[in-house]
Amino acid sequence: MKFFIDTANLKEIQKASDLGVLDGVTTNPSLMAKEGITGKQNILEHYVKICQLVDGDVSAEVVATDYEGIIREGEELAALHPNIVVKVPMIKDGVKAIKYFSQKGIKTNCTLVFSAGQALLAAKAGATYVSPFIGRLDDIATDGLQLIEQIVQIYNNYGFKTQVLAASIRHVMHLVQCAEIGADVATCPLNVITDLLKHPLTDIGLEKFLADYRKGNL
Ligand code: G3P
């Protein structure tokens with residue numbers, strides 16, 4: 001299972017990378033705005049900085065919603081660095097653009113996926129990744145993890161190469177259950193990755209080991 005970090009914050013990306021378990025980064029316009037990155041040139045430069053920090057795929061999202069605009073923006077993003085994955089929304093022109101990019105060898109991440117039918121369409125168009133949003137489904141009292149199960153099953157049935165990138169992960173249980181189901185990738189905030197470290201019995205056990213060591217080595 002690949003771990004991506006879902007942020008545009010360079011310090012957080014560096015921290016996850018330092019842990020040695022980071023395989024890539026996902027961003028979106030909201031995450032860029034949260035870091036105060038505005039204006040086309042600044043946004044493009046920020047993607048390059050992220051690519052320099054991480055040796056793995058970096059999803060950069062288009063903001064155009066028409067076919068020509070998505071193609072233009074996507075090609076510009078893809079030219080920034082070989083690790084850029086063009087993130088395209090699940091809309092009609094987005095699906096057409098994903099087909100175009102896949103034929104050109106440009107990697108894509110189909111985002112804002114909330115149903116198995118949408119995921120099937122993204123795979124048919126040749127998306128490299130599909131991003132179902134678990135947390136946002138849970139927010140509206142719908143089982144986000146069940147969607148991951150459905151998509152993994154459908155892709156396995158037909159051998160689709162599109163990777164299931166579980167997104168909008170809010171906590172460790174989401175992440176662990178995605179791993180059980182067999183999602184290819186999980187993208188989550190830094191705290192979810194570092195929360196994987198935590199168990200009170202680990203802390204208690206370590207404290208006792210060190211106390212016993214100190215007793216015998218005074
Ligand atoms: O990768 C998608 C993610 O950024 C959405 O997460 O927590 O805003 O639903 P959230």
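Values in this text are rule-based calculations from the coordinates and carry no lab data. Keep in mind the model is a prediction, meaning the values are calculated, not measured. FYI the Cβ positions are ideal-geometry reconstructions off the backbone, even for glycines, and counts take in every protein chain you see.
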- So how far, in whole Å, is the C-alpha centre of the range 110-163 from the one of the range 1-49? 23
- Across the alpha-carbon set of the chain, Rg over Rh with Rh taken as the Kirkwood radius works out to 1.06
- Interatomic Cα distance distribution for the range 90-205, bins of 5 angstrom, percent: 2, 12, 22, 20, 17, 12, 7, 3, 2, 1, 1, 0
- Query: Ranked from highest to lowest mean number of other Cβ atoms within 10 Å per residue, what is the order of the peptides 128-138, 65-75?
  - Reply: 128-138, 65-75
- Note on the structure: Helix 92-104 sits off the longest principal axis of the Cα atoms of the chain, rounded to the nearest 10 on a 0 to 90 degree scale, by 80
- Message: Report the per residue volume, in Å³, of the convex hull enclosing the C-alpha atoms of the range 8-95.
- Response: 88
- Task: Mind scanning Lys49/Lys87; Lys40/Lys87; Lys11/Lys198; Lys87/Lys124; Lys49/Lys198 and naming the pairs with a C-alpha gap bigger than 25 Å?
- Result: Lys49/Lys198
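Compare the peptides 162-169, 143-150 by average per-residue count of other Cβ atoms within 10 angstrom and give them in order, highest first.
Result, highest mean first: 162-169, 143-150.
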- Query: Calculated from DSSP H runs of 4 or more alone, at -39500 (n - 2.57) each and per residue, what is the 222 nm mean residue ellipticity of the chain, nearest 500?
  - Reply: -16500 deg cm²/dmol
- Query: Does the range 82-139 come out rounded, prolate or oblate, given a ≥ b ≥ c as the square roots of the eigenvalues of its C-alpha gyration tensor, rounded meaning a/c under 1.5 and, failing that, prolate meaning a/b above b/c?
  - Reply: prolate
- Task: Give a residue-ordered list of calculated ³J(HN,Hα) values for the range 32-37 (Karplus: 6.51 cos²θ - 1.76 cosθ + 1.60, θ = phi - 60°; whole Hz; x for Gly, Pro).
- Result: 5, 4, 4, 8, x, 8
- For the range 157-167, just list the computed ³J(HN,Hα) in residue order, Karplus coefficients 6.51, -1.76 and 1.60, θ = phi - 60°, integers in Hz, with x standing in for Gly and Pro. 4, 10, x, 4, 8, 4, 8, 7, 10, 5, 10
- What residues qualify as long-range amide H neighbours of Lys87, i.e. H under 5 Å apart, gap of 5 or more or another chain, H built at 1.01 Å from N? Ala60, Glu61, Val62, Asn109
- Message: I need the phi-derived Karplus couplings for the range 191-204: 6.51 cos²θ - 1.76 cosθ + 1.60, θ = phi - 60°, integer Hz, Gly and Pro marked x.
- Response: 4, 5, 5, 6, 5, 4, 5, 7, 7, x, 5, 5, 5, 5
- Task: Kindly give Rg over Rh for the range 1-45, based on alpha-carbon atoms, with the Kirkwood expression for the hydrodynamic radius.
- Result: 1.02
